[in-house]
């Protein structure tokens with residue numbers, strides 16, 4: 001029985017990957033082990049860390065179910081590691097040793113893994129095992145879930161922004177990553193940013209919306225750019241105070257800079273401050 005190790009996260013439930021595995025199964029008996037790495041952000045820290053792992057676990061469950069329905073022996077697990085580290089750990093632990101490795105990614109323009117040369121690094125770490133790269137374009141798959149990046153700080157729990165996220169979640173399947181830039185880069189603690197983020201996540205998760213978040217780099221453009229580099233992002237929502245006279249982010253032309261640098265749709269919403277917050 002041929003043993004195939006799959007390294008995939010966001011594309012793990014993609015039809016392209018599952019069809020590639022079914023084609024291998026048609027050639028002979030096949031056993032599949034799927035490892036779904038969940039990356040941690042390079043900057044800042046995650047609030048409610050379980051959300052990323054839970055999202056990856058749901059995608060993995062759909063894949064394993066589809067493979068088993070096709071008569072393919074399949075197992076897998078989510079790991080909190082870089083994909084290359086996840087491969088090394090899997091090779092050290094798996095018995096029997098995999099005969100082939102499949103790495104599944106988004107197309108280059110959407111893939112954080114490809115921007116970090118993950119496929120080439122996995123090929124070098126594979127210890128002679130053949131590595132196949134499968135590209136999964138979720139945009140072409142009906143009902144594929146979009147990744148929406150939300151950038152907000154003091155306006156994060158404003159009703160207008162929460163309603164905007166609810167509205168977007170109701171249009172089509174979507175997962176939301178909220179990044180909350182730190183208010184003070186010189187401080188190790190960011191209680192106000194974390195308080196707002198926890199409150200927003202609690203509200204939205206309580207309504208069944210797939211959302212996770214992190215306190216991020218104090219500069220919103222840098223924070224958003226790092227998220228786009230590390231994650232697949234399909235669209236961006238930026239929340240600010242109304243008008244340039246009240247918003248440093250608007251005075252810094254954040255919305256237009258993100259549109260130009262990412263080539264992604266950027267939706268801007270203006271939100272009044274919380275009663276206890278002073279506009280910055």
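The values are calculated or read from the model by the stated rules, or taken from the named source; none is laboratory data. Treat the numbers as computed from the prediction; the structure is a model and nothing was measured. Note: ideal-geometry Cβ built from the backbone for every residue, glycine included; neighbour counts use all protein chains shown.
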Test set (1) within 28 Å of residue 223 (Cβ to Cβ); (2) outside any loop (DSSP other than H, G, I, E, B) - residue 124 fails condition number:
(1)
Would you mind telling me which numbered condition in (1) surrounded by fewer than 20 Cβ atoms within 10 Å (Cβ to Cβ); (2) over 22 Å from residue 171 (Cα atoms); (3) in contact with a strand residue (DSSP E or B) (Cβ under 9 Å, 6 or more places away or on another chain) residue 216 fails?
(1)
When segment 13-72 is examined, which residues are found to be within 28 Å of residue 191 (Cα to Cα) and at pLDDT 90 or above?
none
Would segment 252-267 turn up any residue that is surrounded by 14 or more Cβ atoms within 10 Å (Cβ to Cβ), part of a strand (DSSP E or B) and at pLDDT 95 or above?
yes
Residue check for residue 84: out of contact with any strand residue (DSSP E or B) (no Cβ under 8 Å at 6 or more places or on another chain) and part of a helix (DSSP H, G or I)
yes
Residues satisfying the stated conditions in segment 219-245, i.e. crowded, with 20+ Cβ neighbours inside 10 Å, more than 15 Å from the chain's Cα centre (by Cα) and over 17 Å from residue 159 (Cα atoms):
220
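Here's the yes/no breakdown for (1) at pLDDT 95 or above; (2) touching a helix residue (DSSP H, G or I) at 6+ places or on another chain (Cβ under 6 Å); (3) not in a helix (DSSP H, G or I):
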| position | (1), (2), (3) |
| --- | --- |
| 163 | yes, no, no |
| 168 | yes, no, no |
| 184 | no, no, yes |
| 187 | no, no, yes |
| 193 | no, no, no |
| 205 | no, no, no |
| 213 | no, yes, yes |
| 227 | no, no, no |
